[in-house]
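Encoded as structure tokens, the structure appears first; notes follow it.
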Amino acid sequence: MAGGDDDYVYDEVTGEWRPAAELAAAGQGASEVRDASGNVLTDGDSVTLIKDLKVKGANQTLKQGTVIRSIRLTDNPEEIDCRHDTIKGLVLRTEFVRKR
């Protein structure tokens, strides 16, 4: 049995148990995710939309000032995964949000 091979860590972003060595390697290359104002975003933050956004496929517009709670970071530092009351599986670009 090798030393660190049996260590697993729960990854809240993906919802999976992953090897600790894999998460450590992924963390080394990770870049900071920043909003339109340059503030660092983290999982669970609340953000506000800085402009009206038409949502593709939902035939709906999210208005400027709409608050989105409990964001999740994605593999792409320019996108965040979030939920809205009327839209499931919403992905927003960080250039259109500001941290609250």
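Please treat every number below as a calculation from the coordinates, not as lab data. On a predicted model such as this, the values are computed, not experimentally measured, just so you know. Virtual Cβ from ideal backbone geometry, glycine too; neighbours counted across all protein chains shown.
Under 5 Å between amide hydrogens, which residues at least 5 positions from L90 or on another chain qualify, with H placed 1.01 Å from N in the peptide plane?
Those lying under 5 Å, H to H, from L90 are C82, H84.
Can you compute the helix-only [θ] at 222 nm over the chain? Use -39500 (n - 2.57) per DSSP H run of at least 4 residues, normalise by all residues, nearest 500 deg cm²/dmol.
When only DSSP H runs of four or more count, the value is -2500 deg cm²/dmol.
Could you list which residues have their amide H under 5 Å from that of Y8, counting only those 5 or more apart in sequence or on another chain, with H placed in the peptide plane?
A20
Where the Cα atoms of the chain are projected onto their three principal axes, how long is each span, largest first, in whole Å?
56, 27, 19
If exposed means no more than 12 neighbouring beta carbons inside 10 Å and the site is in a DSSP loop, what's the longest run of the chain without any exposed GluC sites (Glu not before Pro)?
For GluC sites (Glu not before Pro) (loop position, at most 12 other Cβ atoms within 10 Å), the longest site-free span of the chain is 33-77.
Pop a pseudo-label 7 angstrom from the Cα along the beta-carbon direction at both A20 and R83 and give the gap in nm to one decimal.
Each label point is offset 7 Å from its Cα along the Cβ direction, giving 3.1 nm.
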